[in-house]
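Chemist: Below is a structure I'd like to ask you about.
The values are calculated or read from the model by the stated rules, or taken from the named source; none is laboratory data. From a predicted model like this one, the values you see are computed outputs, not experimental measurements. Note that we place each Cβ from the backbone using ideal geometry, even for glycine, and neighbour counts take in every protein chain shown.
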Amino acid sequence: MSILIKNISRLYTPLSTKKYGEILELHNAHLLIEGQTISGIFDSGDSLPEAGAVIDAEGKAVLPGFVDAHTHPVFWKTREDEFIMRVQGKSYEEIFKAGGGIRNSVRRFRNASKEQIKAITKKRIAVFFEYGTTTIEAKSGYGLSTADEIKSLEIIAELNKEQQLEMIPTFLGAHEIPDEYQQNRRAYIELIKNEMIPIVAERKLAQFCDIFCEKGVFTVDESREILLTGKEHGLAAKLHADELHAFGGAELAAEINAVSADHLVKISDQGIHDMAEKGVVPVLLPGTTFFLGKDNYAPARKMLEAGCEAAVATDFNPGSSTTQNMQLMWTIGALKMGLLPNELLWATTLTAAKSIQKENKIGSIEQGKQADLVILDIPNLNYLPYHYGVNHTYMTIKKGRVVFRRY
Ligand code: NIG
Ligand code: FE
(Lines give C-alpha, C1' and ligand atoms only; values in the text may rest on other atoms or scores of the structure.)
(Ligands and ions follow the chains in the order given, each with its own letter.)
Protein backbone atom coordinates (compact mmCIF):
# COMPACT_ATOMS: atom_id res chain seq x y z
CA MET A 1 0.00 0.00 0.00
CA SER A 2 1.26 3.52 -0.76
CA ILE A 3 0.96 6.53 1.53
CA LEU A 4 1.52 10.17 0.64
CA ILE A 5 2.61 12.46 3.47
CA LYS A 6 1.60 15.91 2.30
CA ASN A 7 1.87 19.40 3.64
CA ILE A 8 5.33 19.07 5.23
CA SER A 9 6.39 22.60 6.02
CA ARG A 10 10.02 21.60 6.75
CA LEU A 11 11.79 18.34 5.96
CA TYR A 12 15.22 17.89 7.58
CA THR A 13 17.55 14.97 6.99
CA PRO A 14 21.19 14.01 6.79
CA LEU A 15 22.14 12.30 3.51
CA SER A 16 24.54 9.41 2.95
CA THR A 17 26.25 11.49 0.26
CA LYS A 18 26.88 14.47 2.53
CA LYS A 19 29.45 15.21 5.21
CA TYR A 20 28.67 15.00 8.94
CA GLY A 21 26.72 18.10 9.90
CA GLU A 22 25.56 18.97 6.37
CA ILE A 23 21.81 18.56 6.15
CA LEU A 24 19.11 18.69 3.52
CA GLU A 25 16.29 21.12 4.30
CA LEU A 26 13.20 21.18 2.08
CA HIS A 27 10.26 23.57 2.40
CA ASN A 28 6.68 22.54 1.53
CA ALA A 29 7.71 18.99 0.73
CA HIS A 30 5.81 15.72 0.29
CA LEU A 31 6.89 12.15 0.85
CA LEU A 32 5.73 8.94 -0.79
CA ILE A 33 5.95 5.63 1.03
CA GLU A 34 5.45 2.27 -0.73
CA GLY A 35 5.02 -0.52 1.79
CA GLN A 36 7.90 -0.21 4.28
CA THR A 37 10.07 1.98 2.07
CA ILE A 38 10.49 5.65 1.18
CA SER A 39 9.87 5.77 -2.55
CA GLY A 40 9.73 9.47 -3.36
CA ILE A 41 10.73 12.86 -1.93
CA PHE A 42 8.97 15.81 -3.57
CA ASP A 43 9.83 19.48 -3.46
CA SER A 44 7.25 22.30 -3.47
CA GLY A 45 7.14 22.59 -7.28
CA ASP A 46 6.75 18.86 -8.05
CA SER A 47 3.36 17.45 -9.02
CA LEU A 48 1.99 14.99 -6.48
CA PRO A 49 1.75 11.26 -7.16
CA GLU A 50 -1.37 9.16 -6.61
CA ALA A 51 -1.37 7.20 -3.36
CA GLY A 52 -3.59 4.69 -1.56
CA ALA A 53 -3.74 6.85 1.57
CA VAL A 54 -2.81 10.38 2.60
CA ILE A 55 -1.35 11.65 5.86
CA ASP A 56 -1.65 15.40 6.35
CA ALA A 57 1.44 16.69 8.19
CA GLU A 58 -0.50 19.92 8.79
CA GLY A 59 2.50 22.14 8.11
CA LYS A 60 4.70 20.44 10.68
CA ALA A 61 8.30 19.21 10.35
CA VAL A 62 9.43 15.74 9.28
CA LEU A 63 12.72 14.14 10.37
CA PRO A 64 14.05 10.59 10.18
CA GLY A 65 12.85 8.62 13.22
CA PHE A 66 15.40 8.93 16.02
CA VAL A 67 17.84 6.06 16.45
CA ASP A 68 18.71 5.58 20.13
CA ALA A 69 22.07 3.84 19.90
CA HIS A 70 22.62 2.98 23.57
CA THR A 71 19.92 1.64 25.91
CA HIS A 72 19.53 -0.93 28.70
CA PRO A 73 15.74 -1.47 28.59
CA VAL A 74 15.50 -5.03 29.97
CA PHE A 75 15.38 -4.68 33.74
CA TRP A 76 12.92 -5.53 36.49
CA LYS A 77 12.55 -3.00 39.33
CA THR A 78 13.41 0.68 39.15
CA ARG A 79 15.94 2.32 41.55
CA GLU A 80 14.40 5.58 42.75
CA ASP A 81 15.68 4.79 46.27
CA GLU A 82 19.27 5.13 45.00
CA PHE A 83 18.29 8.34 43.21
CA ILE A 84 17.21 9.85 46.53
CA MET A 85 20.49 8.67 48.13
CA ARG A 86 22.31 10.59 45.40
CA VAL A 87 20.16 13.65 46.02
CA GLN A 88 21.26 13.41 49.66
CA GLY A 89 24.93 13.45 48.66
CA LYS A 90 26.02 9.84 48.04
CA SER A 91 27.81 9.36 44.73
CA TYR A 92 26.93 6.79 42.05
CA GLU A 93 30.35 5.18 42.62
CA GLU A 94 29.78 4.89 46.40
CA ILE A 95 26.42 3.23 45.85
CA PHE A 96 28.01 0.96 43.24
CA LYS A 97 30.88 -0.10 45.54
CA ALA A 98 28.45 -0.82 48.38
CA GLY A 99 26.74 -3.42 46.17
CA GLY A 100 23.99 -1.15 44.87
CA GLY A 101 23.76 0.00 41.28
CA ILE A 102 24.04 -2.69 38.63
CA ARG A 103 24.36 -5.55 41.16
CA ASN A 104 21.19 -4.37 42.86
CA SER A 105 19.36 -4.64 39.52
CA VAL A 106 20.93 -8.05 38.90
CA ARG A 107 19.62 -9.51 42.17
CA ARG A 108 16.11 -8.33 41.36
CA PHE A 109 16.30 -9.44 37.72
CA ARG A 110 17.19 -13.00 38.69
CA ASN A 111 14.20 -13.22 41.03
CA ALA A 112 11.66 -12.28 38.37
CA SER A 113 10.35 -14.57 35.66
CA LYS A 114 10.96 -14.02 31.98
CA GLU A 115 7.25 -13.32 31.45
CA GLN A 116 7.18 -10.68 34.20
CA ILE A 117 10.23 -8.85 32.84
CA LYS A 118 9.04 -9.15 29.27
CA ALA A 119 5.68 -7.59 30.11
CA ILE A 120 7.22 -4.61 31.86
CA THR A 121 9.85 -4.15 29.14
CA LYS A 122 7.10 -4.11 26.53
CA LYS A 123 5.34 -1.25 28.33
CA ARG A 124 8.57 0.64 28.74
CA ILE A 125 9.64 0.42 25.13
CA ALA A 126 6.26 1.65 23.87
CA VAL A 127 7.32 5.05 25.27
CA PHE A 128 10.09 5.32 22.66
CA PHE A 129 7.52 5.74 19.88
CA GLU A 130 5.81 8.54 21.81
CA TYR A 131 9.05 10.53 21.63
CA GLY A 132 9.77 9.77 17.97
CA THR A 133 12.37 7.02 18.36
CA THR A 134 11.95 4.22 15.82
CA THR A 135 15.00 2.00 16.50
CA ILE A 136 17.00 1.32 19.65
CA GLU A 137 20.15 -0.60 20.45
CA ALA A 138 19.20 -2.78 23.44
CA LYS A 139 21.68 -4.34 25.85
CA SER A 140 21.40 -7.29 28.19
CA GLY A 141 23.54 -7.00 31.32
CA TYR A 142 21.27 -7.32 34.35
CA GLY A 143 21.38 -11.12 34.39
CA LEU A 144 25.11 -11.87 34.65
CA SER A 145 24.60 -15.64 34.65
CA THR A 146 24.34 -17.67 31.48
CA ALA A 147 20.66 -18.41 32.01
CA ASP A 148 19.75 -14.86 32.99
CA GLU A 149 21.70 -13.20 30.17
CA ILE A 150 19.92 -15.53 27.74
CA LYS A 151 16.63 -14.65 29.43
CA SER A 152 17.35 -10.98 28.73
CA LEU A 153 18.34 -11.50 25.08
CA GLU A 154 15.38 -13.80 24.47
CA ILE A 155 13.06 -11.08 25.73
CA ILE A 156 14.56 -8.71 23.15
CA ALA A 157 14.22 -11.32 20.39
CA GLU A 158 10.60 -12.08 21.29
CA LEU A 159 9.64 -8.41 21.57
CA ASN A 160 11.19 -7.78 18.16
CA LYS A 161 8.56 -10.15 16.78
CA GLU A 162 5.62 -9.00 18.90
CA GLN A 163 5.74 -5.23 18.50
CA GLN A 164 7.01 -2.64 16.01
CA LEU A 165 9.98 -0.94 17.70
CA GLU A 166 13.17 -2.37 16.21
CA MET A 167 15.70 -3.44 18.83
CA ILE A 168 19.30 -4.23 17.89
CA PRO A 169 20.57 -6.65 20.56
CA THR A 170 23.89 -6.31 22.37
CA PHE A 171 25.32 -8.88 24.79
CA LEU A 172 26.56 -7.12 27.95
CA GLY A 173 27.41 -10.04 30.22
CA ALA A 174 30.49 -7.99 31.14
CA HIS A 175 28.45 -5.22 32.77
CA GLU A 176 29.77 -5.96 36.27
CA ILE A 177 31.18 -8.88 38.30
CA PRO A 178 28.11 -10.47 39.97
CA ASP A 179 28.00 -11.05 43.75
CA GLU A 180 28.93 -14.75 43.62
CA TYR A 181 32.14 -14.05 41.64
CA GLN A 182 33.36 -11.01 43.60
CA GLN A 183 36.15 -13.14 45.15
CA ASN A 184 36.93 -14.92 41.89
CA ARG A 185 36.65 -12.50 38.99
CA ARG A 186 38.81 -14.69 36.75
CA ALA A 187 36.19 -17.44 36.86
CA TYR A 188 33.49 -14.99 35.75
CA ILE A 189 35.61 -13.83 32.80
CA GLU A 190 36.16 -17.46 31.80
CA LEU A 191 32.40 -18.05 32.03
CA ILE A 192 31.73 -15.12 29.69
CA LYS A 193 34.38 -16.27 27.22
CA ASN A 194 33.79 -20.01 27.25
CA GLU A 195 30.08 -20.30 27.84
CA MET A 196 28.06 -17.12 27.41
CA ILE A 197 29.61 -15.72 24.20
CA PRO A 198 29.58 -19.05 22.31
CA ILE A 199 25.92 -19.68 23.19
CA VAL A 200 24.79 -16.12 22.45
CA ALA A 201 26.58 -16.17 19.09
CA GLU A 202 25.44 -19.66 18.14
CA ARG A 203 21.83 -18.76 18.86
CA LYS A 204 22.22 -15.39 17.09
CA LEU A 205 20.87 -13.59 20.14
CA ALA A 206 23.12 -10.54 19.76
CA GLN A 207 24.85 -8.51 17.09
CA PHE A 208 27.33 -6.77 19.42
CA CYS A 209 29.40 -7.58 22.50
CA ASP A 210 29.82 -4.72 24.98
CA ILE A 211 31.74 -4.29 28.28
CA PHE A 212 31.90 -1.81 31.16
CA CYS A 213 35.61 -0.98 30.85
CA GLU A 214 36.12 1.13 33.99
CA LYS A 215 38.28 1.39 37.12
CA GLY A 216 36.83 -1.10 39.62
CA VAL A 217 34.84 -2.98 36.97
CA PHE A 218 36.70 -4.55 33.98
CA THR A 219 40.32 -3.61 33.21
CA VAL A 220 41.57 -2.74 29.74
CA ASP A 221 43.27 -6.13 29.43
CA GLU A 222 40.15 -8.00 30.51
CA SER A 223 38.08 -5.90 28.11
CA ARG A 224 40.41 -6.69 25.22
CA GLU A 225 40.25 -10.40 26.03
CA ILE A 226 36.45 -10.50 26.20
CA LEU A 227 35.79 -8.27 23.18
CA LEU A 228 38.26 -10.21 21.00
CA THR A 229 36.53 -13.45 22.00
CA GLY A 230 33.25 -11.83 20.98
CA LYS A 231 34.74 -10.84 17.63
CA GLU A 232 35.99 -14.38 17.03
CA HIS A 233 32.38 -15.46 17.40
CA GLY A 234 31.10 -12.78 15.03
CA LEU A 235 29.96 -10.21 17.61
CA ALA A 236 31.19 -6.71 16.75
CA ALA A 237 32.67 -4.76 19.67
CA LYS A 238 31.28 -1.85 21.68
CA LEU A 239 32.58 -0.42 24.94
CA HIS A 240 31.41 1.62 27.89
CA ALA A 241 34.67 3.57 27.98
CA ASP A 242 36.33 6.34 30.01
CA GLU A 243 33.10 7.31 31.74
CA LEU A 244 34.34 7.91 35.28
CA HIS A 245 38.13 7.85 34.77
CA ALA A 246 40.54 8.22 31.85
CA PHE A 247 41.22 4.52 31.64
CA GLY A 248 42.44 3.76 28.12
CA GLY A 249 39.05 2.56 26.92
CA ALA A 250 38.99 4.78 23.83
CA GLU A 251 42.51 3.67 22.87
CA LEU A 252 41.42 0.04 23.22
CA ALA A 253 38.34 0.69 21.09
CA ALA A 254 40.58 1.96 18.29
CA GLU A 255 43.11 -0.86 18.74
CA ILE A 256 40.51 -3.60 18.28
CA ASN A 257 38.42 -1.71 15.67
CA ALA A 258 35.34 -1.47 17.84
CA VAL A 259 32.23 -0.13 16.13
CA SER A 260 31.65 2.40 18.91
CA ALA A 261 32.97 3.58 22.25
CA ASP A 262 30.34 5.11 24.48
CA HIS A 263 30.27 7.69 27.35
CA LEU A 264 33.87 9.05 26.96
CA VAL A 265 33.46 11.79 29.54
CA LYS A 266 37.12 11.42 30.58
CA ILE A 267 38.58 10.48 27.17
CA SER A 268 42.28 11.37 26.69
CA ASP A 269 43.68 13.35 23.75
CA GLN A 270 45.36 10.16 22.57
CA GLY A 271 42.00 8.35 22.73
CA ILE A 272 40.33 11.05 20.65
CA HIS A 273 43.13 10.87 18.09
CA ASP A 274 43.01 7.07 17.87
CA MET A 275 39.22 6.91 17.54
CA ALA A 276 39.20 9.55 14.78
CA GLU A 277 41.92 7.68 12.91
CA LYS A 278 40.07 4.35 13.08
CA GLY A 279 36.59 5.76 12.52
CA VAL A 280 35.23 4.40 15.83
CA VAL A 281 31.93 6.18 16.52
CA PRO A 282 31.81 8.01 19.86
CA VAL A 283 28.33 7.54 21.32
CA LEU A 284 27.80 10.45 23.70
CA LEU A 285 25.32 10.20 26.56
CA PRO A 286 24.62 13.71 27.88
CA GLY A 287 21.57 12.52 29.83
CA THR A 288 23.80 10.29 31.99
CA THR A 289 26.14 13.08 33.04
CA PHE A 290 23.10 15.25 33.74
CA PHE A 291 21.25 12.58 35.73
CA LEU A 292 24.36 11.68 37.76
CA GLY A 293 24.44 15.35 38.73
CA LYS A 294 27.94 15.89 37.36
CA ASP A 295 29.31 19.08 35.86
CA ASN A 296 31.77 17.88 33.25
CA TYR A 297 30.44 16.49 29.98
CA ALA A 298 32.22 14.52 27.25
CA PRO A 299 34.40 16.86 25.14
CA ALA A 300 32.20 16.65 22.08
CA ARG A 301 33.59 19.66 20.23
CA LYS A 302 37.15 18.45 20.64
CA MET A 303 36.17 15.07 19.22
CA LEU A 304 34.41 16.60 16.21
CA GLU A 305 37.37 18.90 15.55
CA ALA A 306 39.67 15.87 15.62
CA GLY A 307 37.53 14.27 12.91
CA CYS A 308 35.27 11.98 14.94
CA GLU A 309 31.61 11.69 13.92
CA ALA A 310 29.63 11.51 17.15
CA ALA A 311 26.29 9.91 17.91
CA VAL A 312 24.10 10.97 20.84
CA ALA A 313 21.87 8.53 22.78
CA THR A 314 19.84 8.34 26.00
CA ASP A 315 21.58 5.42 27.82
CA PHE A 316 18.07 4.57 29.08
CA ASN A 317 18.61 2.37 32.20
CA PRO A 318 17.30 2.18 35.79
CA GLY A 319 20.36 3.74 37.44
CA SER A 320 22.27 6.42 35.59
CA SER A 321 19.76 7.71 33.01
CA THR A 322 16.05 7.00 33.17
CA THR A 323 14.72 8.84 30.13
CA GLN A 324 13.59 7.54 26.74
CA ASN A 325 13.40 11.09 25.38
CA MET A 326 15.86 11.84 22.56
CA GLN A 327 14.50 15.38 22.23
CA LEU A 328 15.80 16.11 25.72
CA MET A 329 19.22 14.82 24.60
CA TRP A 330 19.15 17.58 21.97
CA THR A 331 18.77 20.23 24.66
CA ILE A 332 21.41 18.82 27.01
CA GLY A 333 23.72 18.04 24.07
CA ALA A 334 23.37 21.61 22.85
CA LEU A 335 23.76 23.39 26.19
CA LYS A 336 26.35 21.15 27.82
CA MET A 337 28.32 19.87 24.82
CA GLY A 338 27.94 22.81 22.46
CA LEU A 339 26.41 20.66 19.73
CA LEU A 340 24.40 22.51 17.08
CA PRO A 341 21.06 21.38 15.61
CA ASN A 342 22.61 20.24 12.32
CA GLU A 343 25.12 18.11 14.27
CA LEU A 344 22.48 16.80 16.66
CA LEU A 345 20.37 15.73 13.70
CA TRP A 346 23.21 13.55 12.41
CA ALA A 347 24.09 12.39 15.93
CA THR A 348 20.59 11.11 16.63
CA THR A 349 19.79 9.61 13.21
CA LEU A 350 22.35 8.62 10.55
CA THR A 351 25.49 8.51 12.71
CA ALA A 352 23.54 6.71 15.42
CA ALA A 353 22.54 4.18 12.74
CA LYS A 354 26.21 3.84 11.78
CA SER A 355 27.11 3.02 15.38
CA ILE A 356 24.83 -0.04 15.13
CA GLN A 357 25.83 -0.88 11.53
CA LYS A 358 22.41 -0.02 10.14
CA GLU A 359 23.25 3.13 8.18
CA ASN A 360 22.33 1.55 4.85
CA LYS A 361 18.79 0.91 5.99
CA ILE A 362 17.77 3.63 8.47
CA GLY A 363 18.76 7.06 9.80
CA SER A 364 17.94 9.32 6.85
CA ILE A 365 15.10 10.24 4.51
CA GLU A 366 16.34 8.90 1.19
CA GLN A 367 14.73 6.94 -1.58
CA GLY A 368 14.92 3.21 -0.88
CA LYS A 369 15.45 3.58 2.85
CA GLN A 370 13.06 2.19 5.44
CA ALA A 371 10.10 4.52 6.07
CA ASP A 372 10.97 5.36 9.70
CA LEU A 373 9.86 8.94 10.31
CA VAL A 374 8.83 11.38 12.98
CA ILE A 375 6.52 14.35 12.45
CA LEU A 376 7.34 17.06 14.99
CA ASP A 377 5.25 20.08 15.87
CA ILE A 378 8.14 22.54 15.53
CA PRO A 379 8.51 25.53 13.19
CA ASN A 380 12.22 24.95 12.54
CA LEU A 381 15.13 22.79 13.72
CA ASN A 382 16.52 25.34 16.21
CA TYR A 383 13.21 25.18 18.03
CA LEU A 384 13.63 21.49 18.91
CA PRO A 385 16.34 21.85 21.59
CA TYR A 386 15.11 25.33 22.51
CA HIS A 387 11.62 24.42 23.73
CA TYR A 388 12.72 21.76 26.16
CA GLY A 389 11.09 19.32 28.54
CA VAL A 390 8.00 18.88 26.37
CA ASN A 391 7.24 16.28 23.74
CA HIS A 392 7.10 17.72 20.21
CA THR A 393 6.03 14.46 18.57
CA TYR A 394 2.88 14.66 16.48
CA MET A 395 3.22 11.31 14.75
CA THR A 396 5.72 8.45 14.57
CA ILE A 397 5.89 6.15 11.54
CA LYS A 398 7.76 2.83 11.62
CA LYS A 399 8.25 0.83 8.41
CA GLY A 400 5.44 2.82 6.80
CA ARG A 401 2.97 2.26 9.66
CA VAL A 402 1.68 4.90 12.04
CA VAL A 403 2.76 3.68 15.48
CA PHE A 404 2.05 6.84 17.50
CA ARG A 405 -0.29 9.74 16.92
CA ARG A 406 -1.08 12.64 19.23
CA TYR A 407 -4.72 13.53 19.34
O1 NIG B 1 25.65 2.99 30.85
N2 NIG B 1 27.92 2.33 32.96
C3 NIG B 1 27.36 1.24 33.09
N4 NIG B 1 26.12 0.93 32.78
C5 NIG B 1 25.04 1.83 32.76
C6 NIG B 1 24.46 2.05 34.10
C7 NIG B 1 23.67 0.91 34.52
C8 NIG B 1 23.02 1.03 35.88
O9 NIG B 1 23.35 1.89 36.71
O10 NIG B 1 22.12 0.21 36.06
C11 NIG B 1 25.39 3.09 32.04
O12 NIG B 1 25.41 4.19 32.60
FE1 FE C 1 25.15 2.18 29.24
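Chemist: Can you go through Asp43, Asp68, Asp56 and tell me which one is over 25 Å from Pro286 (Cα atoms) and either in contact (Cβ under 8 Å) with a residue 24 or more places away in the chain or in contact with a Gly (Cβ under 9 Å, 6 or more places away or on another chain) (or both)?
Modeler: Working: Asp43 fails: either in contact (Cβ under 8 Å) with a residue 24 or more places away in the chain or in contact with a Gly (Cβ under 9 Å, 6 or more places away or on another chain) (or both); Asp68 fails: over 25 Å from Pro286 (Cα atoms).
One residue alone meets the criteria, Asp56.
Chemist: Return the residue satisfying two criteria in turn: it lies in region 151-182 and is assigned to a strand (DSSP E or B) and under 21 Å from Leu63 (Cβ atoms), and of such residues it is farthest from ligand 2 (Cβ to nearest atom).
Modeler: Result: Glu166.
Chemist: Also: Can you tell me which residues in region 96-124 are within 16 Å of ligand 2 (Cβ to nearest atom) and of a type in the set (A, V, I, L, M)?
Modeler: Ile102, Val106
Chemist: Follow-up question, since we're still on this one. Take region 51-94 and flag every residue that is in a loop (DSSP other than H, G, I, E, B), out of contact with any Asp or Glu (no Cβ under 8 Å at 6 or more places or on another chain), closer than 22 Å to Met329 by Cβ and not aliphatic (A, V, I, L, M).
Modeler: Passing the criteria: Pro73, Phe75, Thr78, Arg79.
Chemist: Six or more apart or on different chains, Cβ atoms under 8 Å: show the pairs whose first residue is in region 374-393 and at positive phi and whose second is among the β-branched types (Val, Ile, Thr).
Modeler: Gly389/Thr331
Chemist: Let me ask something else about it. Report yes if Ile272 is of a type in the set (A, V, I, L, M, F, W, C), at pLDDT 95 or above and touching an Asp or Glu at 6+ places or on another chain (Cβ under 7 Å), otherwise no.
Modeler: Here the answer is no, as Ile272 does not meet what is asked.
Chemist: Sticking with this structure for a sec: Residues of region 328-359 being farther than 15 Å from Val283 by Cα and among the hydroxyl-bearing types (Ser, Thr, Tyr), which ones?
Modeler: Thr331
Chemist: Considering every residue within region 33-48, establish whether at least one is in a strand (DSSP E or B) and touching a Phe, Trp or Tyr at 6+ places or on another chain (Cβ under 7 Å). If you could, list the steps in order and put the result at the bottom.
Modeler: Within region 33-48, the subset in a strand (DSSP E or B) is 33-34, 37-42.
From what's left, touching a Phe, Trp or Tyr at 6+ places or on another chain (Cβ under 7 Å): none.
Checking region 33-48: not a single residue is in a strand (DSSP E or B) and touching a Phe, Trp or Tyr at 6+ places or on another chain (Cβ under 7 Å).
Chemist: When you look at Ala352, is it within 16 Å of ligand 2 (Cβ to nearest atom), small (Gly, Ala, Ser), crowded, with 24+ Cβ neighbours inside 10 Å and not in a helix (DSSP H, G or I), yes or no?
Modeler: Details: within 16 Å of ligand 2 (Cβ to nearest atom): yes; small (Gly, Ala, Ser): yes; crowded, with 24+ Cβ neighbours inside 10 Å: yes; not in a helix (DSSP H, G or I): no.
Considered against the rule, which asks whether it is within 16 Å of ligand 2 (Cβ to nearest atom), small (Gly, Ala, Ser), crowded, with 24+ Cβ neighbours inside 10 Å and not in a helix (DSSP H, G or I), Ala352 comes out as no.
Chemist: Looking at region 263-272, can you tell me whether even one residue there is surrounded by 24 or more Cβ atoms within 10 Å (Cβ to Cβ), within 18 Å of the chain's Cα centre (by Cα) and at negative phi?
Modeler: no
Chemist: May I pose another question? On the basis of being more than 14 Å from ligand 2 (Cβ to nearest atom), more than 25 Å from Tyr388 (Cα to Cα) and of a type in the set (D, E, K, R), does Glu309 make the cut? Let's see the steps before the verdict.
Modeler: Numbers: more than 14 Å from ligand 2 (Cβ to nearest atom): yes; more than 25 Å from Tyr388 (Cα to Cα): no; of a type in the set (D, E, K, R): yes.
No; evaluated as a whole, the condition is false for this residue.
Chemist: Just for region 282-300: of the residues that are more than 16 Å from ligand 1 (Cβ to nearest atom) and under 20 Å from the mean Cα position of the chain (by Cα), which one is surrounded by the most Cβ atoms within 10 Å (Cβ to Cβ)?
Modeler: First pass over region 282-300, keeping only residues more than 16 Å from ligand 1 (Cβ to nearest atom): 295, 299-300.
Still in the list and also under 20 Å from the mean Cα position of the chain (by Cα): 299-300.
Working: Pro299: 20, Ala300: 22.
The residue in question is Ala300.
Chemist: Looking at region 95-150 only, could you name the residues that are among the polar types (S, T, N, Q), under 30 Å from Leu63 (Cβ atoms) and assigned to a helix (DSSP H, G or I)?
Modeler: Thr121
Chemist: Hey, another quick one. Any chance region 229-251 includes a residue that's closer than 23 Å to Lys294 by Cβ, in a helix (DSSP H, G or I) and more than 16 Å from ligand 1 (Cβ to nearest atom)?
Modeler: Restricting attention to region 229-251, the residues satisfying the condition of being closer than 23 Å to Lys294 by Cβ are 238-251.
With the extra rule that they be in a helix (DSSP H, G or I), the set shrinks to 249-251.
The next check asks that each one be more than 16 Å from ligand 1 (Cβ to nearest atom); those that pass are 251.
Yes: one or more hits.
Chemist: Within 18 Å of Pro318 (Cα to Cα), surrounded by fewer than 16 Cβ atoms within 10 Å (Cβ to Cβ) and either under 16 Å from the mean Cα position of the chain (by Cα) or free of Cβ contacts under 8 Å to residues at least 60 places away in the same chain (or both), is that true of Asn160? Steps first, answer last, please.
Modeler: Working: within 18 Å of Pro318 (Cα to Cα): no; surrounded by fewer than 16 Cβ atoms within 10 Å (Cβ to Cβ): yes; either under 16 Å from the mean Cα position of the chain (by Cα) or free of Cβ contacts under 8 Å to residues at least 60 places away in the same chain (or both): yes.
No; evaluated as a whole, the condition is false for this residue.
Chemist: So Lys122 fits all but one of (1) crowded, with 22+ Cβ neighbours inside 10 Å; (2) under 18 Å from the mean Cα position of the chain (by Cα); what number is the exception?
Modeler: Going through the list (1) crowded, with 22+ Cβ neighbours inside 10 Å; (2) under 18 Å from the mean Cα position of the chain (by Cα), Lys122 breaks only (1).
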